[in-house]
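Colleague: Submitted below is the structure of interest, expressed as structure tokens.
The values are calculated or read from the model by the stated rules, or taken from the named source; none is laboratory data. Nothing here was measured: the structure is a model prediction, and the numbers come from that model. Note: ideal-geometry Cβ built from the backbone for every residue, glycine included; neighbour counts use all protein chains shown. The accessibility values were calculated without ligands, DNA or RNA, using every heavy atom of the protein model including side chains. Shrake-Rupley method; radii C 1.70, N 1.55, O 1.52, S 1.80 Å.
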Amino acid sequence: MTFLSSFRIGQQTVYPEDLYERLQSFALLENVGDPALRNLLAEANWFALPGGTLLDRDGENNAALFLVVTGSLGVFVLDEQGQRQMVAHIPAGETVGEMSLIAGSSNHAAQLVALRDTELLRISPDGFEALIARHPRVMLNLMQMLVKRLKDANRGRSAKLRPKTFAIVPLQDGLSEVPIAQRLAGALAGIGCRAAVLDAGASDQTAEWFNTFEQAHDIVFYRGDAPDSPWTQLCLRQADRIFLLARANQPLPLAPLSLPAFKERASGAPDLLLLHPDGASAVLPDHFSVRSGWFRSHHHLRAGHQADVARVARMIAGRAVGLVLAGGGARGFAHIGIIKALKEAGVPFDQLGGTSMGAIIAAGLAREWGLEEMRDRMREVFVTSNPLSGFTLPLIALFNGKKVTARLQEHFDEVCIEELPLPFFCVSSDLTTGRIHVHRDGKLWRALRASVALPGILPPVTHHGHLLVDGGVMNNLPVDVMREQAGGEGPIIACDITGEFNLRAEDERYGERSWWWLLGQRMRGNPSILSILMRSGTVGSEAQRRVVREQCDFLIEPPMPDIQLHDWKKFDQAIQEGYDTARACIDKNGIPLTNVMGDGPGMPLPHVIVAT
């Protein structure tokens, strides 16, 4: 990249004339007049900071004021866990360092990192003092800026920065001409985004040119040509987010991509785009591991599947739809009806997650089962042959769990979570640590087996010595997990079928009766051990459930007052009630859920509760 440059005549620095025009738009220099602008430049030093570089605050940068001419800076501080988090974004046209300048402090709690190639004007404390002595209006503008920022912070207006620039870097030979960036740009254009692609032909442009180009578009893709080329390095410096491109039928490189020193802090770990030329997503490249640290997530792009490209495009635009399904035994069949209503409304499902029964149905969606296939499989497993059979000596649980395991293996084969066409997670409860366990990789059937292991009913699943049981014990509606995973990439629809249980005993001495008396009365009006254990498996997460319900954008909650957790025979009734509730909610609220696609990139959605 060629940065804009100044030159010196004698002892005087001469700047391009268009710089004066750009400075007039700075809030700091509003209505100060041309003489003040020229005095400011006389006091300023102009320098470039490559993308991914930390702005050193020592020496002459210690208490200086910085004007961002092109590019942008990120402000990073340590969070409660000791991790660096970006708390502010300083785009071109704004200033940073005011508090240090005014306080004269050398104790900088925050770090400044260039989010892309950036040009800065540095004004020293002495230079700023000389400037405001001549032009007091500059100090008034500075005070007004600080007051506005304080008001915005108090009103919670510090919105999270949405990624705007994306680098797509090939990891293998022969991928530089694959038009993934163009296909993504086309999909984004289809949902109203101004998207563009830049390749190596733009390598000689100036920082100001790139700045202007990015401002003219909603999304810009920087298409790399080779992992270590100068152009690819520029792409990495400019990117808010990085995609690594690889073919799934070829090994991945043994060494990770070399990033600028602080780039991963600014953009996060890269995402991996896996191309499947045969149209299937079951094969993964050698050395692939979700836990490798190379990438934070991966996306399957199958030949002939435009829906895969559209899904990644929605993620980029901040409109990827997350669907979270709660656990609830037989009541979970309502999810099938809800999904049918949402599909009829045109809602895409881009990220899926769930607990217990909700996890099983979400996994079926992630495997791309159609509605009829979903209905047939669930009927076969839970109605035709009740999996809760196989009573055993209750040393660990009432049932041995062999039938549940066999059915899960039968319907989900040996597929791994990371091989699923759609992103998926499920939740179990770790009794060893007292925390939830989020399953994002490994055998799908085994993760589901852990998520449905109701304590006392089914044996726990062991994982590195830990005991994993039903996710409903700790988090029956994992909207918070989806929110963290999605990272603000779009709206979340939550389906909570837990309901308000009315677990009561009609006999006041029910717990004191002998077993033969209870059998003689056929347990009329009194809950059985199965009902008690099933309810115990979800009651512990009631407080958590109420909290996370507030984190979703849409909530669908069918009441189903006469369907209990183990009413497997009410399969069709639960599906119909789920469908009717979802359909009525969509119609009653006048909310066409297809509007999750929005009218512009990252359009904020109101917190809408789709009530019962």
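Colleague: Can you compute the charge dipole magnitude of region 394-458 about its Cα centre, using +1 on each Lys and Arg Cβ and -1 on each Asp and Glu Cβ, nothing else charged? Give it in debye, rounded to the nearest 20.
Modeller: On the way: 8 positive and 7 negative charges, 62 e Å.
Dipole size: approximately 300 debye.
Colleague: Which pairs, out of Lys340/Lys569; Lys164/Lys343; Lys343/Lys443; Lys403/Lys569; Lys151/Lys263, put more than 24 Å between their alpha-carbon atoms? Could the numbers behind the result be given before it?
Modeller: Working: Lys340/Lys569 20 Å; Lys164/Lys343 30 Å; Lys343/Lys443 28 Å; Lys403/Lys569 18 Å; Lys151/Lys263 31 Å.
Cα-Cα > 24 Å for Lys164/Lys343; Lys343/Lys443; Lys151/Lys263; rest within.
Colleague: Further, regarding this structure: Nearest 0.05, what FRET efficiency do Asp18 and Ala584 give at R0 = 60 Å with Cβ-Cβ as r?
Modeller: Details: r = 59 Å, r/R0 = 0.98.
It comes out at approximately 0.50.
Colleague: Return the loop-located trypsin sites (Lys or Arg not before Pro) in region 287-394 (DSSP other than H, G, I, E, B) with at most 12 other Cβ atoms within 10 Å of their own Cβ; answer none if there are none. Could the numbers behind the result be given before it?
Modeller: Numbers: sites: Arg291, Arg296, Arg302, Arg311, Arg314, Arg319, Arg331, Lys340, Lys343, Arg367, Arg375, Arg377, Arg379; in loops: Arg291, Arg296, Arg319, Arg367.
Here the sparse-neighbourhood loop sites are Arg291.
Colleague: How many angstrom lie between the Cα centre of region 331-370 and the Cα centre of region 165-187?
Modeller: 31
Colleague: In a Debye calculation with equal point scatterers on the alpha-carbon sites of region 171-283 and no solvent, what is log10 I(q)/I(0) at q = 0.12, 0.16 Å⁻¹?
Modeller: The Debye formula, applied to the Cα set alone, gives -0.46, -0.82.
Colleague: Filter the GluC sites (Glu not before Pro) in region 396-454 down to the DSSP loop ones having no more than 13 other Cβ atoms within 10 Å, then list what survives. Walk me through the numbers on the way to the answer.
Modeller: Working: sites: Glu410, Glu414, Glu418, Glu419; in loops: Glu414.
Here the sparse-neighbourhood loop sites are Glu414.
Colleague: What is the packing order of peptides 44-57, 445-458, 108-121, taking the mean over residues of other C-beta atoms within 10 Å and listing the highest first?
Modeller: On the way: 44-57: 19.4, 445-458: 25.4, 108-121: 22.6.
Highest mean packing first, the order is 445-458, 108-121, 44-57.
Colleague: Can you compute the charge dipole magnitude of region 288-345 about its Cα centre, using +1 on each Lys and Arg Cβ and -1 on each Asp and Glu Cβ, nothing else charged? Give it in debye, rounded to the nearest 20.
Modeller: Numbers: 9 positive and 2 negative charges, 16 e Å.
My answer is approximately 80 debye.
Colleague: How do Asp225, Asp240 stack up against each other in accessible area, from largest to smallest, with a 1.4 angstrom probe? Provide the component values of the computation, followed by the final result.
Modeller: Working: Asp225 60, Asp240 20 Å².
Heavy-atom accessible area, descending, gives Asp225, Asp240.
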